[in-house]
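Worksheet for the structure shown next.
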Amino acid sequence: MADSDGEYASDDELKRNGKRTADGRSKQTKASWEDVKRSWDTVLETADSGLSIAEIREAEKRRRLLRDTTPLQRGIIRHLMLVLDMSFAMADKDLLPNRYRVVLNNAIGFVREYFEQNPISQLGIVGMRDGIAVRISDLSGNPAEHIEKLMQWSEQQDPQGNPSLQNALQMCRGALYQTPSHATREVLIIYGALASIDPGDIHDTIKDLVADRIRVSVVGLAGQVAICAELCKRTNNHDGNYSVAIDEVHLKELFFAATTPPVTRTPEQNTASLLMMGFPSRTLAPKDHVSFCACHAKPTREGYTCPRCGIKVCRLPIDCPICKLTLIQSTHLARSYHHLFPLKVFVEVPWSQASRSTACYSCLTPFPAGPRDTVAAAPAVLGGRAGAKGGGKQQDGDQKNPKPELKGVSESGRYACQVCGNHFCIDCDVFAHETIHNCPGCQSDTREPEKDTAVAVPDGGVTPMVVDS
């Protein structure tokens with residue numbers, strides 16, 4: 001009889017799944033389906049010039065980077081109210097497990113990305129359910145508080161009732177009314193319903209939003225709603241920002257697009273103004289000296305002392321609770337400026353110029369080896385265009401079965417910076433544009449900058465750039 005601590009297995013099962021050891025116990029092996037190779041992820045180019053999955057993924061990464069990098073005036077200090085639909089429409093399962101869970105998960109990621117891209121901005125969250133607007137979190141610059149509130153709502157509350165756009169907009173207007181004029185006032189609405197139950201005329205609320213210079217953007221989960229289109233059009237100076245998500249990936253793209261500050265177009269917003277800020281230093285008290293912070297009234301040993309009034313706060317950035325001075329660090333200010341001066345898009349490197357590099361300049365990943373006739377046909381000249389011609393047989397084959405082109409995808413897998421000329425892989429290209437917002441090659445350049453540097457101004461003149469040492 002088999003041991004009691006071992007599971008019984010028939011002889012047929014042992015023949016199929018494993019072998020029996022010397023002591024009579026079965027030795028389990030991997031099932032056949034556990035070693036399945038995902039061949040559809042490594043599809044090679046076929047005879048009919050099909051595209052591989054790797055190229056399609058690379059094209060998707062480049063599509064996010066191929067945007068206009070013209071420096072425009074934007075507000076780096078933002079006040080954004082995030083409005084989430086929590087009505088019965090969010091219980092639909094066209095997004096798995098349902099709309100409500102998908103939106104809350106994306107909202108948590110959006111909060112992290114928003115404060116990563118806008119460290120000196122503030123955010124508040126409002127929900128719509130049961131015909132009223134509920135305040136989830138107040139307007140503040142602490143992402144941990146917003147994420148904690150969202151997780152509590154995700155665990156304790158379920159979608160129910162009808163949404164009310166007017167009540168939500170009135171609550172957002174009241175929260176943004178006291179914000180300073182030098183900062184932007186924005187509202188982002190994630191709307192899943194096709195109707196709104198309002199207590200009054202929502203057009204009067206839209207007029208008040210226009211008068212208070214509050215911009216409203218809407219991301220829809222169902223069909224397009226006329227009042228949402230009118231709301232975005234009138235509050236964005238007839239340049240509406242209303243989109244409807246077609247799937248979960250598209251929803252995340254529309255969601256995270258709001259992390260970029262909007263362009264200032266009205267004359268009132270283009271007026272330059274000086275803003276006083278404080279840069280406090282971090283202090284650490286001895287073990288037997290504990291004091292309360294002015295922001296949370298909690299006993300702490302470490303904190304930051306306001307340079308104006310001398311009060312202690314436990315985190316940055318924040319507005320001083322006593323003198324209302326904006327307290328930040330120099331790194332916060334530096335991270336906010338990449339929206340004003342975006343990194344230029346890296347250009348594709350053809351095979352004729354690919355011989356000058358064998359690995360990525362940043363991560364040292366080896367580049368794929370190209371056809372010998374194409375690489376040797378023309379010298380590697382930085383910044384030039386592909387003018388080399390391959391062998392006759394290769395060229396004739398390309399004419400018979402032309403390969404479909406993907407916009408922005410380099411045939412050599414290399415992408416060159418337009419300033420330093422170094423070659424990077426697609427992953428480093430995405431990391432440089434979406435995370436660090438700087439070129440690793442330009443940052444590692446030890447050459448001295450040119451003395452006669454000038455910056456072009458909109459009226460066609462040239463203003464010298466002065467750099468303080």
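The values are calculated or read from the model by the stated rules, or taken from the named source; none is laboratory data. Here the structure is a predicted model, which means the values were calculated and not measured. Because the Cβ atoms are built from the backbone with ideal geometry, glycine has one as well, and the counts that use them run over all protein chains shown. For accessibility, only protein heavy atoms count, side chains too; no ligands or nucleic acids. Shrake-Rupley method; radii C 1.70, N 1.55, O 1.52, S 1.80 Å.
Values computed for the structure shown
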quantity: Cα Rg, Dmax, segment 306-371, angstrom units; calculated: 23.1, 68
quantity: Accessible carbon and sulfur surface of segment 232-335 relative to its total accessible area, %, 1.4 Å; calculated: 55
quantity: Length added when fully stretched, Ala297-Ser330, from 0.36 nm per residue minus Cα-Cα; calculated: 9.3 nm
quantity: Two-decimal log10 I(q)/I(0) for segment 144-259, as the Debye equation yields it once each C-alpha is a single scatterer, q = 0.18 Å⁻¹; calculated: -1.08
quantity: Normalised alpha carbon radius of gyration of segment 108-153 [divisor 2.2 N^0.38 Å]; calculated: 1.17
quantity: Cβ-derived FRET efficiency at R0 30 Å, Leu275 paired with Gln418, nearest 0.05; calculated: 0.35
quantity: Relative contact order (%) - segment 296-370, alpha-carbon pairs under 8 angstrom, separation at least six; calculated: 14
quantity: Projected area, mean over directions - segment 225-374, Cα convex hull, nm²; calculated: 18.0
quantity: Per-q log10 I(q)/I(0), segment 80-146, q = 0.23 Å⁻¹ (Debye; single scatterer per alpha-carbon; no solvent); calculated: -0.98
quantity: Listed residues His332, Cys363, Trp351: farthest to the positive end of the dipole of segment 308-366 (Cβ charges); calculated: His332
quantity: Pairs beyond 32 Å (Cα-Cα), from Lys312/Lys344; Lys93/Lys298; Lys149/Lys252; Lys207/Lys252; Lys252/Lys312; calculated: Lys312/Lys344; Lys93/Lys298; Lys252/Lys312
quantity: Relative packing of 79-92, 319-332, which averages over residues the other C-beta atoms within 10 Å, highest first; calculated: 79-92, 319-332
quantity: For segment 76-224, fraction of C-alpha pairs farther apart than 25 Å, in %; calculated: 24
quantity: Pair Thr264, Val249: separation of 7 Å Cα→Cβ label points (nm); calculated: 3.7
quantity: Mean Cβ count within 10 Å, highest first, over the residues of peptides 202-210, 420-428; calculated: 420-428, 202-210
quantity: Per-peptide average of other Cβ atoms within 10 Å, ordering 349-358, 225-234, 289-298, 162-171 highest first; calculated: 162-171, 349-358, 225-234, 289-298
quantity: Segment 271-315 - Debye-derived log10 I(q)/I(0), Cα point model, q = 0.14, 0.18, 0.23 Å⁻¹; calculated: -0.38, -0.54, -0.77
quantity: Prolate/oblate/rounded label for segment 266-348 (Cα gyration tensor, a/c 1.5); calculated: oblate
